[in-house]
Amino acid sequence: MNLRSKEPFWLIKDALINSYPSLRENLNTPIIVIGGGITGALISHKLIEDGYKVVLIDRRDVCSGSTAASTAMLQYEVDVPLHQLIEQVGNTNAVASYQNCEKAIWELECIVKTIKSDCDFERKNSVYFTTGKRDVSFLEHEFQARKAHGFEVKWLNESRIKKLGITQGLAAIESKSGAVMNPYKFTQDLLLYNFKKGLKIYDRTEIVKRKSKDEKIVLTTDTGIEIIASHVIHCTGFESVETLSKDIVDLKSTYALISEAYESLPKAFESNIFWDTSSPYLYFRATQDNRIIIGGEDEDFKNATARNKLIPKKEKKLQQLFHKTFRDIEFRMDYSWAGTFGETKDGLPYIGKPDISVNEHYILGFGGNGITFSVMARDAIIASIESNPHPYLEYYKFDR
């Protein structure tokens, strides 16, 4: 599957940082991680930390799929608002999901510091705003739900939201728990860090067949090489639809633009990331080199060709929406790209084994929280491998 189109900004900015060989001989390994993006890197890091021997493979160059297309807005807010999620999955699961997404942002910051990654990680305020009168009461309901469950939030009225430059802003929820980063650089740094600690990495190695044999799993590559593993961990994101029999996700096309560098960032973007209540929602963030990223205009994914044909149209629409939202800020587009992502029925990830009798584990952090869900999954992967109970394996199981 073609996960993205054109060249995302991170690849232009950082190019090919590290290179790894393809697999050229049969191997036997306790654990193999399929997928060399940010999810596979985070899961491999946890396994290496805990003393497991791990092999990681990717059908492309590592980090060049969805990770390269991610805009890396790090938020604890799930795509489904808290008050609605409580109705869908119950109070305990919903509140815990929000709390653990928040915790995951700070865990990610700790990993960044531990491996000394120069990935532009910055803490930001997250501003969830509306420009529509009909959504003010919705936003108030969400604010009360978050406040009732202990989240540090502030209510911004019309005058305060307009001071942030949102021209037609009516109200907003401000949260302290947000961040941004360069996901491509972080993932490259994390893979290299663990490669030096014993992680074996092979890219441009595609699995075309897999079967169970004597409690092991045998994988065959496109060049006929066999890999025998005790456990397989799929960190392939939206491409998991190729290996899963269950229909768990709706695929969407999404679009992003990045501006030319400003001489100095508009003040509102120095400490805030923004997203709105529209459906699909729009979001805005800055980078450390004084650019602004716009994302959104999502729609149902048909195929990569159809998605890519829409890029010129989406460029115009996203720029129009930016100017409508931030009327006093000029936006000159420098780069644009498109990607594919997935939406689940409840906005939550899938973690664990679809078939309890087969040692194939999936870490699928779909939607806008893919990175934070992947950080969370680190806490459950050992339990999944060792067949031990864990709350995440219950909250995010495949037959929920």
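For a label point 7 angstrom out from the Cα of residue 355 toward its Cβ, which stretches of region 373-396 have the backbone nitrogen within less than 12 Å?
none
Please give the FRET efficiency for residue 118 paired with residue 264, using the beta carbon to beta carbon distance and R0 = 22 Å, rounded to the nearest 0.05. Show your work: numbers first, answer last.
Working: r = 22 Å, r/R0 = 0.99.
Step by step, r from the Cβ atoms, then E = 0.50.
Would you pull out the residues with amide H under 5 Å of residue 201's amide H, same chain only if 5 or more places away, H placed 1.01 Å from N?
56
Return a whole-number percent for the relative contact order of the chain, with Cα pairs under 8 Å and 6 or more residues apart as the contact set.
24
Using a Gaussian network model of the chain whose springs link C-alpha atoms within less than 10 Å, name the residue from 218, 33, 208 with the highest mean-square fluctuation.
Looking only at 218, 33, 208, the largest GNM fluctuation is found for 208.
How big is the equivalent ellipsoid of region 176-267 along its three axes, where each semi-axis is √(5λ) from the Cα gyration tensor, reported in whole Å from largest to smallest?
Taking √(5λ) for each Cα gyration eigenvalue gives 36, 20, 13 Å.
Can you tell which of 273, 261, 230 lies farthest toward the positive end of the dipole of region 169-278, using +1 and -1 charges on the Cβ of basic and acidic side chains (Lys, Arg; Asp, Glu)?
Of the candidates, 230 comes out farthest on the positive side.
Relative contact order for region 280-367 using alpha-carbon pairs under 8 Å, separation at least 6, rounded to a whole percent?
Over region 280-367, the number comes to 17 percent.
Identify all aspartates and glutamates with a Cα-Cα distance to residue 163 below 18 Å; exclude those on the same chain that are fewer than 8 residues away in sequence.
Here the aspartates and glutamates satisfying the reach criterion relative to residue 163 are 174, 270, 276, 328, 330.
Carbon-plus-sulfur fraction of the accessible area of region 198-311, 1.4 Å probe, in percent?
44
Measure off 7 Å from each Cα along the Cα-to-Cβ vector at residue 386 and residue 149, then give the distance between these two points in nanometres to one decimal.
2.9
Just to be sure I understand: of the beta bridges DSSP finds with both ends in the chain, what percent are antiparallel, rounded to 5?
For the chain, the DSSP antiparallel bridge percentage is about 70.
Between residue 345 and residue 306, what's the calculated FRET efficiency when r is the beta-carbon distance and R0 is 22 Å? Round to 0.05.
For residue 345 and residue 306, the calculated efficiency is 0.35.
Identify which of 271, 230, 357 has the largest mean-square fluctuation in a Gaussian network model of the chain, with springs joining Cα atoms closer than 10 Å.
Among 271, 230, 357, the largest mean-square fluctuation in the Gaussian network model of the chain belongs to 357.
Measure up 252/316; 314/345; 185/313; 103/147 against 21 Å on the Cα-Cα distance and list the ones that go over.
Distance filter (> 21 Å) returns 314/345; 185/313.
What FRET efficiency do you get for residue 106 and residue 50 if R0 is 35 Å and r is their Cβ-Cβ distance, rounded to the nearest 0.05?
Step by step, r from the Cβ atoms, then E = 0.95.
For the chain, modelled as a GNM with alpha-carbon contacts under 10 angstrom, which of 190, 310, 42 fluctuates the most?
310
Taking the Cα centroid of region 189-268 and of region 106-146, what is the distance between the two, rounded to the nearest whole Å?
Rounded to whole Å, the Cα centres lie 26 Å apart.
Under a 1.4 Å probe, what is the accessible area of region 19-100 per residue, stated in Å²?
Solvent-accessible surface per residue comes out at 34 Å².
Enumerate the aspartates and glutamates that residue 209 could reach by cross-link, defined here as Cα to Cα under 14 Å, with residues fewer than 8 away along the same chain left out.
In chain and number order, the partners are 222, 226, 242, 360.
Which residues' amide hydrogens lie under 5 Å from the amide hydrogen of residue 37, considering only partners 5 or more residues apart or on another chain, with H built in the peptide plane?
Amide H neighbours of residue 37, under 5 Å, 5+ apart: 63.
Students often get this wrong, so try it: which of (1) 53; (2) 24; (3) 65 is percent of Cα pairs over 35 Å apart as calculated from the structure shown?
Label (2) holds the value from this structure.
Can you give me the accessible area per residue for region 266-361, using a 1.4 Å probe, in Å²?
Heavy-atom SASA per residue in region 266-361 reads 45 Å².
If contacts are Cα pairs under 8 angstrom and at least 6 residues apart, what is the relative contact order of region 183-257 in percent?
RCO, region 183-257: 15 percent.
The values are calculated or read from the model by the stated rules, or taken from the named source; none is laboratory data. It should be emphasised that the depicted structure is a prediction, and the values quoted were computed from it without experimental measurement. Backbone-built Cβ (ideal geometry, glycine too); neighbour counts: all protein chains shown. Areas reflect the complete protein model, heavy atoms only, side chains present, ligands, DNA and RNA absent. Shrake-Rupley method; radii C 1.70, N 1.55, O 1.52, S 1.80 Å.
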